[in-house]
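These notes concern the structure reproduced below.
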Amino acid sequence: MVTPSSPRERVFHTRALTRVFRLGEVEIHALRGVDMELYAGEFVVLLGASGSGKSTLLNILGGLDSGTEGEVWYKDIDLSRASERVLTDFRRHHVGFVFQFYNLIPSLTARENVAIVTDIAREPMDPSDALALVGLEQRLDHFPAQLSGGEQQRVAIARAIAKKPDVLLCDEPTGALDSKTGIKVLEVLRRINRELGTTTAVITHNAVIADMAERMIRLSDGRVSEVTNNAHPVDPDQLHW
Amino acid sequence: MRALNIKLLRNLWTLKGQGIAIAVVIATGVAMFVMSFTALDALRLSQQSVYQSQRFSEVFANLKRAPESLAERLRAVPGVATLETRVQAPVKLQVPGFDQPVTGLAQSIPDGRQPQLNQLYLRAGQLPEANRNDQVLLSEAFAEAHELQPGDRLSVVINGRYQALWISGIALSPEYIYQIRPGDLFPDFSRYAILWMNRDALESAFDMDGAFNNVALTLYTGASEQMVIDRVDQLLEPWGGLGAYGREDQLSHRFIEQELEQVAAMAVFLPLIFIGVSAFLLNVVAARLIRTQREQIAVLKAFGYDGVAVAGHYLMLVLVIVLFGSVLGVFLGTWLASGLAGMYQEFFRFPWLEFRLKPSVALTAIAIAGGATAIGTLTSVYRAFRLPPAEAMRPEPPTHFRRTLIERLGIRGLSQPTRIILRNLERQPIKAGLSILGISLAVGMMMLTGFQKGSIDYMMDVQFRLAQKQDMTVTFIEPTQRGALHELRALPGVRYVEGFRSASAILQYGHRTYRGGLQGFSDPRSLVQVLDEQLQPIAIPDEGVLLTDHLARMLGIGVGDTLQVKVQEGRQPELAIPVAGLVTEFIGVGAYLRRETLARLLGEGDTVSGAFLAVEPEQVAEVNRRLEAMPRVAGVSQRETMIRAFDDMMSDSMLVFTFFSVFMAGSIAFAVVYNNARIAFAERSRELATLRVLGFTRPEIAFILLGELMLLTLLAMPLGFLLGAGLCHLLTVGMQTDLYRVPLVLTADTYASAALVVLVATLLSALMMGRALAKLDMVSALKSAE
Ligand SMILES: Nc1ncnc2c1ncn2[C@@H]1O[C@H](COP(=O)(O)OP(=O)(O)OP(=O)(O)O)[C@@H](O)[C@H]1O
Ligand SMILES: [Mg+2]
């Protein structure tokens, strides 16, 4: 078992990371030089205004996108120069992702949406166990279209944790949930983080959630504007919003 | 990979409509390919097999009369393997209950035995018995036309003498697979018969005791046909030899070859077009279908599925469809091929059909259709996969947001839905362009398969309304003094008589030859015209010969060049005649001169070999009967029967083929339009649901989707017409033979029916989409992004 106080091994770090989207004539600078680190086993919250570049950063960390300039490292892998093969392997075996828009596969049931990930993972949980963790044990065989937005979001979380990843990247995992369910989901994330030592980064608009994190990173306008250490993270059930 | 397989099955199920439409395109492309090549192969194979096992001879010769003792000397000619002498006699027949003139050819067989060469295949009954002179074998085509059977009686006039014969059997011969009266262009099974009789019987009936007037022989392998022909000609010369010739000039063989050439032009061209178009459509459709899966591909990639797994997944999806379509296509194609070959058998009287499905044909078709589909799939998968998943997971961004061209042109008052349609099209010009191209190919294919009827009608019109206006054509047994025409004119009901002189001849220019004849027409004429390029009647000059343009092309000769002519009758003079001009003709080919010029060249007086007649319509039957009774009349052909014979041949050979293809082109057109509609629906359903949420009415969003479809279809029409005209042109060029040349005539009908099929397909697809739109569930469409 890994404890948060163990020596701080750097899992991710970026150097002068930029990301420019080109839309015809217009250039959008989503990231304007980001330097940040994520340490092994820690639980980090990413805050920032809408459009400040949070999703863009998380996507790049997860190997779903690449920066325009700068470096991105996962341990000793240079993600910005990694081959497709290495990136695929990285995503398959190391990262669990919760997308901001869930991106469930409409033609698969909740259980199968999880199975699509566990099918190719090394030592996955059973899909139904993962769904039970997010309180969906009753909805295993429902299709995304038959689930509410929050339920879909929980399927997405189950899908992310089911492979017991080394890092868990969650883009607004509680955005669509009421506070009670939201807290239950955060408890699941916390538990995975504690029990498996999964490095966890969570994007949220809800500053309250930062109280359960060991660190908070704030993005403004494509740059890291603030990093705060939290010596005494509270348990999710202590949060209120 | 279990979940991925489940996804495969579910996707197949949700895509079943489109999958079936794609399978239809594959099936038709493959079926057309298999049908054409298999049917063509069957005809070729049957020809070879029948020739071989019935011992079809390789050289033939006609002569006036030679004693049987000459046969030994002929057999001794180096290179001759087997030689058989025969007696042939022109006959007239009377069939009870059939009041029209029937002519035929009686040919001898050894008494009571099969000949050594050109053996007969007995369909029913038996050979004449050796000692019976009143038994006869009848050709199957004729027997069928009159429902005659072994045991029936037949009245035959041989050499002016009436004989009552009994039909002992019904037979088929490799010499008469294409049973046609010499000089005719189209077979007429009910008016021309082949009869086989014992040699003894025919010798005595035709005053040929101990003599023969026809020779058939086969060659040793490696023997020179030309040398044998030359030697045989030398030997027959003193006996009125009319020139030996090889298979390529044998009437039936030559017609089969020409027909097969024509069939081959169609049977290669059409399926290649079909499979090519199918391949293109499949490629586009598969690519578009997979593009609707772009976000899911990105999700799979985000979770660490590699390219091979994802490509394999979608390839499987598509290959299930390909497999389904291919199997269907191969079965359908084989079935149609046997039907088609069977229909040709009406026409080519092969005693039996050899039929096989070459695996290579089926595999080639499947490889082309399947390959194109797979490539379309893979390019789309590759494109989706190449993007970073973060980007691919978002819906494809609209590239440029601009006001549309029409808006910028300052046309105002466009409704919001209209503007959405126009922007959709302008924003994705490639996609719209490919849709338009796909639909226009469907239009073009419909034209390609539908235009032939119009062209054939035009051919008939030119031939029988502009060129040949006679009601009857009479041929005399031999060239006759022109005075004989008075006798014809005197018949009640005959309004006008125009004599002609024709002479069979070998036409030669350089080393190219054509076995045909010279036609001497009187001038001025009113019944039979030769036409120039503008289809205007032209006068035949005093000197020189006018050639059908196609004949000139075949001989490589032009105006001003000198045509070498070896006349094949009478004193067989060799002539050199300058080409004075070209005439346009769609049916047959000819060399036309003035009758007086021809008579002079032949060194004879004012002779005619027959006459064209204009006859009061109600008197035709009576005139016919009277002509029949005249001893010097060899045959009479009537306008109506010629038109019918031509029609029959066309519908047997060409239109049959076309019928199948129209049907297939129609299915392809439908599948393409339907697929377009389905994919447009899949691509737009979210947007349309959103618009519904924003307060657009159902008719308004239906207008957006269906309006786009309609607009694409309408835009595709002109391009389709152009493509269609081009394809039709290619086909007519490929189908030119000396038998007939289908002119490129595109009637309003052709365009209209092609357009109609595609429009109906669009409307039907629109109706189906309308149902889907009515069911469009706003909430779930918004919830789960496909
Ligand atoms: N694919 C894209 N093409 C163009 N611009 C993009 C793209 N993705 C993101 N952007 C732009 O980059 C900027 C940062 O976007 P990002 O999604 O990272 O914001 P965010 O911090 O996650 O915002 P939110 O809290 O609203 O999700 C925004 O201005 C956005 O418009
Ligand atoms: Mg975001």
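No lab work stands behind these numbers, since they all come straight from the coordinates. Bear in mind that the values here come from a model prediction, so they are computed numbers and not experimental data. Glycine also receives a Cβ, built like all others from the backbone with ideal geometry; neighbour counts cover every protein chain displayed.
The table below lists the values:
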read-out: √(5λ) per eigenvalue of the Cα gyration tensor, the protein assembly as shown, largest first, Å; value: 85, 29, 24
read-out: Charged-residue dipole, Cβ positions (Lys, Arg, Asp, Glu), region B:468-642 about Cα centre, Debye nearest 20; value: 320
read-out: Most mobile of A:195, A:42, A:71 in a GNM of chain A (Cα contacts under 10 Å); value: A:195
read-out: Over region B:447-558: Rg over Rh, Cα atoms, Kirkwood Rh; value: 1.02
read-out: Full-stretch length increase - residue B:600, residue B:363 - with 0.36 nm per residue and alpha-carbon distance subtracted; value: 79.1 nm
read-out: Region B:172-267, dipole about Cα centre (Lys/Arg Cβ +1, Asp/Glu Cβ -1), debye to the nearest 20; value: 160
read-out: Aspartates and glutamates whose Cα lies under 15 Å from that of residue A:184, excluding same-chain neighbours fewer than 8 positions away; value: A:137, A:151, A:172, A:235, A:237
read-out: Cβ-based net charge around residue A:163, under 9 Å, with every Lys or Arg adding one and every Asp or Glu removing one; value: +3
read-out: Quotient of C-alpha Rg and 2.2 N^0.38 Å, computed over region B:468-642; value: 1.04
read-out: Stokes-Einstein D (µm²/s) once Rh is taken as the Kirkwood radius of region B:646-786 over alpha-carbon pairs, at 20 °C in 1.002 mPa s; value: 121
read-out: Around residue B:85: net Lys/Arg minus Asp/Glu count, Cβ-Cβ under 14 Å; value: -1
read-out: Charge dipole of region B:206-280 about the Cα centre (unit charges at C-beta), most positive-ward option of B:234, B:262, B:251; value: B:262
read-out: Equivalent ellipsoid semi-axes, chain B, via Cα gyration tensor eigenvalues times 5, rooted, Å; value: 64, 30, 23
read-out: Region B:248-352: C-alpha pair distances exceeding 17 Å, %; value: 70
read-out: Sorted by Cβ neighbour density within 10 Å, fewest at the top, the residues B:451, A:90, B:659; value: B:659, A:90, B:451
read-out: Length-normalised contact order for region B:468-642 - Cα pairs under 8 Å, 6+ apart - percent; value: 39
read-out: Residue mean of other protein chain beta carbons inside 10 Å, B:292-303; value: 5
read-out: Cross-link partners of residue B:7 among aspartates and glutamates (Cα-Cα below 20 Å; sequence separation of 8 or more within a chain); value: A:112, A:119, A:126, A:141, B:295, B:306, B:683, B:786
read-out: Dipole of chain A, positive direction: furthest Cα of A:150, A:125, A:188, with charges on the beta-carbon; value: A:125
read-out: Sorted by Cβ density within 10 Å, fewest first, the residues A:170, B:728; value: B:728, A:170
read-out: Listed residue (A:234, B:176, B:314) projecting farthest to the positive dipole end of the protein assembly as shown, Cβ model; value: A:234
read-out: Per residue, the convex hull volume that the Cα atoms of region A:26-105 enclose (Å³); value: 141
read-out: Assigned charges on the beta-carbon of Lys, Arg, Asp, Glu; the protein assembly as shown dipole about Cα centre (debye); value: 2940
read-out: Separation of alpha-carbon centers, region A:199-241 and region B:307-353, rounded to whole Å; value: 64
read-out: Radius 14 Å from Cβ of residue B:241, net charge of other residues (Lys, Arg +1; Asp, Glu -1); value: +2
read-out: Gap separating the Cα centres of region A:135-196 and region B:129-186, nearest whole Å; value: 91
read-out: Peptide ranges A:97-109, B:553-565 listed from the most packed, as the mean C-beta count within 10 angstrom indicates; value: A:97-109, B:553-565
read-out: Average other protein chain Cβ within 10 Å of Cβ, residues B:12-18; value: 1
read-out: DSSP bridge orientation in region B:468-642 - percent antiparallel, rounded to nearest 5; value: 85
